[in-house]
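Chemist: Provided herewith is a single structure, encoded as structure tokens, for subsequent inquiry.
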Amino acid sequence: MKLENANILITGGTLGIGHATAKLLIEKGANVAITGRDEKRTNKAARDLGAMPITADVANPDDVKRTFKAFLNEYGKLDVLINNAGIGVSKPVEELTVEDFQRIYSVNVFGAAMMAGRAAEIFKKQNYGNIINIGSTAALKGYEGGSVYASSKAALRSMTQSWQAELRKYNVRVMLINPSEVTTAFGQPDRQERESQHNKLRGEEIAWAIKSALQMDNRGFIPEHSVWATNPF
């Protein structure tokens, strides 16, 4: 697809992968809206990027509806949804609570599904569209303390495959990007970005993978793409 003048909605676009992706796609000429739960942070990020801000929580069904209404009022058409918003928790199995699963799944699974469902309605009417889900290599292989987060991303991976089966006949490309560890604010209690390390992934590498997947001619798509740091050891 052509990125110039494409209308793109990115959830969780105030920091990390979402912010880096918004920056790169705007540089390529796209019209981008970003969502975030913190109004002040969302507005500041949008100003810095030249994006449209939408203060919203993907875990809130009313916010999901309001997000699409605001986006379509501004741009009139949706070309790409990037399901990037995600949260995590790391605990040994004996310390896990139902609330841990509910909190993480409400964003990583339920929120992503509700966003994709609304986008699918739009895309089926258009007979065209793109959904990119930001997964994790944790979905491919669990890790110590990762019961909640890894399983949430495994659920997202499974949903991606289901949406691919449902939506390909409507010319909708559903793609999954699996980053390994990225030096972002993810998992930080204060939501402050971690300092970049020369041997670890940055948001920019994931943004590049997203841009490249979108730019393939619309007749083809990459169902799943994992991005690893070359030598993080």
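The values are calculated or read from the model by the stated rules, or taken from the named source; none is laboratory data. The structure displayed is predicted, hence computed values, not measured ones. With ideal geometry, Cβ positions are generated from the backbone for all residues, glycine too; neighbour counts draw on all protein chains shown. Heads up: the accessible areas ignore ligands, DNA and RNA and are worked out on the full protein's heavy atoms, side chains in. Shrake-Rupley method; radii C 1.70, N 1.55, O 1.52, S 1.80 Å.
Chemist: Residue pairs, Cβ under 8 Å, 6 or more apart or interchain, first in the range 72-84 and open to solvent by 60 Å² or more (accessible area, probe 1.4 Å) and among the polar types (S, T, N, Q), second modelled with pLDDT under 95 and in a strand (DSSP E or B). List them.
Modeler: From residues that are open to solvent by 60 Å² or more (accessible area, probe 1.4 Å) and among the polar types (S, T, N, Q), there are no pairs.
Chemist: Within the range 151-168, does at least one residue satisfy the condition of being under 15 Å from the mean Cα position of the chain (by Cα) and open to solvent by 50 Å² or more (accessible area, probe 1.4 Å)?
Modeler: yes
Chemist: If you don't mind, another one. Quick one: HIS19 ticks every box in (1) more than 16 Å from the chain's Cα centre (by Cα); (2) within 20 Å of THR67 (Cα to Cα); (3) open to solvent by 30 Å² or more (accessible area, probe 1.4 Å) except a single one, so which number is it?
Modeler: Status for HIS19: all satisfied but (1).
Chemist: Keeping to the range 53-65, report how many residues are part of a strand (DSSP E or B) and open to solvent by 30 Å² or more (accessible area, probe 1.4 Å).
Modeler: 2
Chemist: Right, another one. Can you tell me how many residues in the range 102-137 are over 15 Å from ALA85 (Cβ atoms) and either buried (at least 19 other Cβ atoms within 10 Å of the Cβ) or touching a strand residue (DSSP E or B) at 6+ places or on another chain (Cβ under 8 Å) (or both)?
Modeler: 8
Chemist: If you don't mind, another one. Please go through (1) more than 19 Å from the chain's Cα centre (by Cα); (2) among the small types (Gly, Ala, Ser); (3) open to solvent by 30 Å² or more (accessible area, probe 1.4 Å) for GLY145 and return the number of the only condition it doesn't satisfy.
Modeler: (3)
Chemist: Pairs, please: C-beta under 8 Å, at least 6 apart or cross-chain, first residue within 9 Å of ASN84 (Cβ to Cβ) and in the range 1-30, second assigned to a loop (DSSP other than H, G, I, E, B) and of a type in the set (Val, Ile, Thr)?
Modeler: Within 8 Å, the pairs are THR11/VAL58; GLY12/VAL58; GLY16/THR184; ILE17/THR184; GLY18/THR11.
Chemist: If you don't mind, there's one more thing I want to ask. Based on what the data block shows, is LYS40 basic (Lys, Arg), surrounded by fewer than 18 Cβ atoms within 10 Å (Cβ to Cβ) and touching a residue at least 24 places away in the same chain (Cβ under 8 Å)?
Modeler: Here the answer is no, as LYS40 does not meet what is asked.
Chemist: Give the residues of the range 79-135 that are among the small types (Gly, Ala, Ser) and either under 21 Å from ALA209 (Cα atoms) or in a strand (DSSP E or B) (or both), sorted by residue number.
Modeler: Across the range 79-135, the qualifying residues are ALA85, GLY86, ALA112, ALA116, GLY129, GLY135.
Chemist: Does ASN7 fit the bill of being more than 24 Å from LEU214 (Cα to Cα), over 13 Å from the mean Cα position of the chain (by Cα) and surrounded by fewer than 19 Cβ atoms within 10 Å (Cβ to Cβ)?
Modeler: Against the criterion (more than 24 Å from LEU214 (Cα to Cα), over 13 Å from the mean Cα position of the chain (by Cα) and surrounded by fewer than 19 Cβ atoms within 10 Å (Cβ to Cβ)), ASN7 does not qualify.
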